[in-house]
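The values are calculated or read from the model by the stated rules, or taken from the named source; none is laboratory data. Model, not experiment: these values are computed from the prediction. In this analysis, Cβ positions are derived from the backbone assuming ideal geometry, glycine residues included, and neighbour counts consider all displayed protein chains. Accessible surface areas use protein heavy atoms only, side chains included; no ligands, DNA or RNA. Shrake-Rupley method; radii C 1.70, N 1.55, O 1.52, S 1.80 Å.
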Amino acid sequence: MAGVAGPKVRRLRQLDRDIEGTLGAHEVGTLLTSIQGIGPNTAARLIADGVRPGDRVAQNSSAVYDSSV
C-alpha cells in the first residue's frame, strides 16, 4: 500500500506547485492570495468558479464570498 501512496503524493505536490506558479502569473490570483486566509487552492477555486468581487455566493456553494471584505 505504501508503494502506491508515493507516486500520488508526488503528483499532488506537483499539482500544488503548478497551481502556485499559475497564480503567481495571474493578476487576480496574486491579489486573492494576498488576502489573509486565502491560499493558493482557495484562490484557484474562486477563479475557476468565476467568482467576481461583489458577487454573492450561496452559503452551501463551494465558496462563500463576503463583499464587505
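Sorted largest first by accessible area at a 1.4 angstrom probe radius, with every protein chain in place, the residues GLU27, GLU20 fall in the order GLU27, GLU20.
Extending 7 Å from Cα along the Cβ direction at ARG13 and again at THR42 yields two label points whose distance is 2.5 nm. Neighbours of ARG11, meaning other residues whose beta-carbon lies under 13 angstrom from its beta-carbon, give a summed charge of +2 when Lys and Arg score +1 and Asp and Glu score -1.
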